[in-house]
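S.K.: The structure's right below; bear with me while I get my questions together.
The values are calculated or read from the model by the stated rules, or taken from the named source; none is laboratory data. Worth saying up front: this structure is predicted, and the values here are computed from it rather than measured. Positions of Cβ are backbone-derived with ideal geometry, glycine not excepted, and every protein chain shown enters the neighbour counts.
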Amino acid sequence: MDFKPYIRAHADELLQSLAALIRIPSVEGTPEAGAPYGREVARCLHETLALCERLGFPTVNMDDRVGWCEYGKGEEMIAVLGHLDVVPAGDGWNAAAPFSGEVKDGRIYGRGTMDDKGPTVAALYALAALKDAGFIPSRRIRILFGTNEETGCDDMAWYLAHGGETPVMGFTPDGEYPIINGEKGIMNCVYSRRLEQTGPCRLLRFEGGTAANVSPAYAMAELACPADAAARIQASKVTVTPIEGGIRVEAQGVSVHGSTPEQGENAIGRLALALTQLPLEGELADCMAFLAGRIGMETHGESLGLAMRDDLSGDLTVNLGVAAFAEETLSLTLSVRYPVTKTYDGAHPRMERAFALGGFHETKMKHKAAIYMPPESELIRKLSQVYEEQTGEKAVLKSIGGGTYAKSIPNLVAFGPIFPGDEIREHKPDEYMEVERLIQNAEIIAAAMYELAR
Ligand SMILES: [Zn+2]
């Protein structure tokens with residue numbers, strides 16, 4: 001079935017439709033009636049569904065959180081999941097204005113061109129090409145338009161919780177090519193303990209980091225303690241400054257993404273190691289000894305008893321992202337990622353036991369299960385075949401530590417839109433998509449929809 005002529009013939013229309021959506025600054029905003037993620041996000045969803053209708057597809061809007069269009073009949077449904085929300089523009093745009101959708105030098109510029117409005121609109125024209133070619137699928141093809149990917153994926157959680165149909169298989173063009181068939185499981189959690197402080201040194205402040213999935217570049221503590229305590233701390237990348245009645249201790253780290261903490265240096269762990277050089281007593285001593293001895297600068301959970309690995313995705317990783325101390329309670333926010341073939345039931349009890357040793361208990365847990373789709377599964381076989389036919393390149397399968405949108409509903413993997421070696425500009429200034437790459441995405445998505453649904 002040759003649907004390429006339709007896509008090529010409608011390339012200008014595709015670009016104009018995309019530009020119209022890029023001009024809607026669909027960054028999460030204040031919730032209001034009919035716009036749970038803000039007015040612009042809802043407007044972008046409404047405009048997209050109107051475009052689907054113009055292309056001849058029936059649509060559903062589920063509570064202004066998720067919308068979809070569908071083509072064909074059949075018991076089973078395959079899904080393509082894209083999202084219409086974007087991250088804020090930020091500074092540093094030189095090539096074009098962030099919400100312009102300007103086309104120049106063979107590129108379309110704007111926030112969302114690559115992540116993820118471009119690939120989503122490409123999927124829509126791919127479906128239009130299949131319809132135009134008279135394709136009669138034996139599985140329904142649904143394009144899902146999420147609107148909360150960038151700030152929590154509550155959209156797809158809502159979809160599943162409110163009777164949204166689970167696809168038998170599908171993909172999200174919100175990662176990279178060839179195919180990401182493995183994603184580590186993610187436990188984003190908070191562990192806390194209250195401190196009954198005794199002894200000559202008392203903790204006044206202890207803080208660092210910004211988010212579970214970023215390793216902290218800076219952490220600091222203030223303690224009330226004897227004047228001679230400052231001299232006890234001898235550590236590189238740690239500075240001690242006298243303050244009224246005590247000292248301030250500051251540690252530097254190297255900030256990296258929380259899925260690869262081994263590439264960074266954890267400022268909170270370094271701070272805890274430095275503090276154990278002080279004459280701490282009682283619970284504060286126990287707590288810092290735990291923090292320094294069980295976590296410290298480690299990133300694979302060795303001393304926590306969490307170490308596990310598989311050949312597909314490597315080691316479990318632990319990122320201590322945020323520390324906070326308030327009302328005598330120390331809270332640690334972590335992102336722990338376990339290998340793709342392991343389970344929550346295998347990793348989580350070990351973590352609870354380890355933290356209990358330090359007097360901590362779990363106060364928050366957001367878990368996203370690992371994804372692993374074997375190479376011989378129908379989905380991976382077919383996507384591999386499509387990718388190789390369409391590009392002439394080998395469909396190398398990848399497992400990653402990061403989480404993609406594929407995690408938000410069952411039976412999906414990330415497939416596209418970024419080709420190996422291409423510049424990655426998502427979430428950065430001057431985000432763009434090459435027009436040719438956009439068209440190529442539409443062609444690959446059409447071929448993939450065809451293979452999965454026929
Ligand atoms: Zn995205």
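S.K.: Scan Pro261, Pro173 and give me the residue that is at pLDDT 95 or above and in the same structural domain as Lys394 (by TED's automatic domain parsing).
M.R.: Values: Pro261 fails: in the same structural domain as Lys394 (by TED's automatic domain parsing).
The match here is Pro173.
S.K.: So which residues in the range 427-450 are away from the ligand (no atom under 16 Å from the Cβ) and not charged (D, E, K, R)?
M.R.: Scanning the range 427-450 gives Pro429, Val435, Ile439, Gln440, Ala442, Ile444, Ala446, Ala447, Ala448, Met449, Tyr450.
S.K.: Okay, next question. Cβ-Cβ under 6 Å, sequence separation 6+ or interchain: first residue in the range 257-283 and free of Cβ contacts under 8 Å to residues at least 12 places away in the same chain and farther than 14 Å from Leu203 by Cβ, partner buried (at least 24 other Cβ atoms within 10 Å of the Cβ) and of a type outside the set (Asp, Glu). Which pairs?
M.R.: Taking only residues 6 or more apart or on different chains, not a single pair turns up.
S.K.: So which pairs qualify, if the first residue must be in the range 220-249 and within 17 Å of Glu207 (Cα to Cα) and of a type in the set (S, T, N, Q), the second must be surrounded by 15 or more Cβ atoms within 10 Å (Cβ to Cβ) and modelled with pLDDT of 95 or more, the Cβ gap must be under 7 Å, and the two must be at least 6 apart or on different chains?
M.R.: Correct list of pairs: Thr239/Glu250; Thr241/Ile247; Thr241/Arg248.
S.K.: Sticking with this structure for a sec: For Ile424, state whether it is aliphatic (A, V, I, L, M) and more than 16 Å from the ligand (Cβ to nearest atom).
M.R.: no
S.K.: Could I ask something else about it? So is Pro216 within 24 Å of the chain's Cα centre (by Cα), outside any strand (DSSP E or B) and at negative phi or not? Break it down stepwise before answering.
M.R.: Working: within 24 Å of the chain's Cα centre (by Cα): yes; outside any strand (DSSP E or B): yes; at negative phi: yes.
It is true that Pro216 is within 24 Å of the chain's Cα centre (by Cα), outside any strand (DSSP E or B) and at negative phi.
S.K.: Only one residue in Gly416, Gly403 is within 16 Å of the ligand (Cβ to nearest atom), within 20 Å of Thr172 (Cβ to Cβ) and at pLDDT 95 or above, so which one is that?
M.R.: Gly416
S.K.: Which condition does Leu223 not pass, out of (1) of a type outside the set (Lys, Arg); (2) modelled with pLDDT under 95; (3) in contact with a Cys (Cβ under 6 Å, 6 or more places away or on another chain), if it passes all the others?
M.R.: The number of the failed condition is (2).
S.K.: With the condition kept exactly as written, say whether any residue in the range 98-117 is within 27 Å of Met62 (Cα to Cα) and either surrounded by fewer than 23 Cβ atoms within 10 Å (Cβ to Cβ) or free of Cβ contacts under 8 Å to residues at least 60 places away in the same chain (or both).
M.R.: Yes, there is a match, as at least one residue in the range 98-117 is within 27 Å of Met62 (Cα to Cα) and either surrounded by fewer than 23 Cβ atoms within 10 Å (Cβ to Cβ) or free of Cβ contacts under 8 Å to residues at least 60 places away in the same chain (or both).
S.K.: On to the next question. Can you list residue pairs whose Cβ atoms sit under 8 Å apart, with the first residue in the range 346-361 being under 16 Å from Leu332 (Cβ atoms) and the second being β-branched (Val, Ile, Thr)? Count only pairs 6 or more apart in sequence or on different chains.
M.R.: Met351/Val336
S.K.: Moving on to the next point. Name the one entry in Tyr387, Tyr344, Tyr372 that is within 22 Å of the chain's Cα centre (by Cα) and either surrounded by 20 or more Cβ atoms within 10 Å (Cβ to Cβ) or at positive phi (or both).
M.R.: Tyr372
S.K.: Taking Gly358 as the residue in question, decide whether it is in contact with a helix residue (DSSP H, G or I) (Cβ under 7 Å, 6 or more places away or on another chain) and more than 29 Å from Leu312 (Cα to Cα).
M.R.: yes
S.K.: While we're here: How about the range 431-441: which of its residues are of a type in the set (Asp, Glu) and buried (at least 16 other Cβ atoms within 10 Å of the Cβ)?
M.R.: Glu431, Glu434
S.K.: Identify, from the list Gln234, Gln197, the residue that is assigned by TED's automatic domain parsing to the domain that holds Glu265, modelled with pLDDT of 95 or more, farther than 23 Å from Tyr344 by Cα and not in a strand (DSSP E or B).
M.R.: The unique qualifying residue is Gln197.
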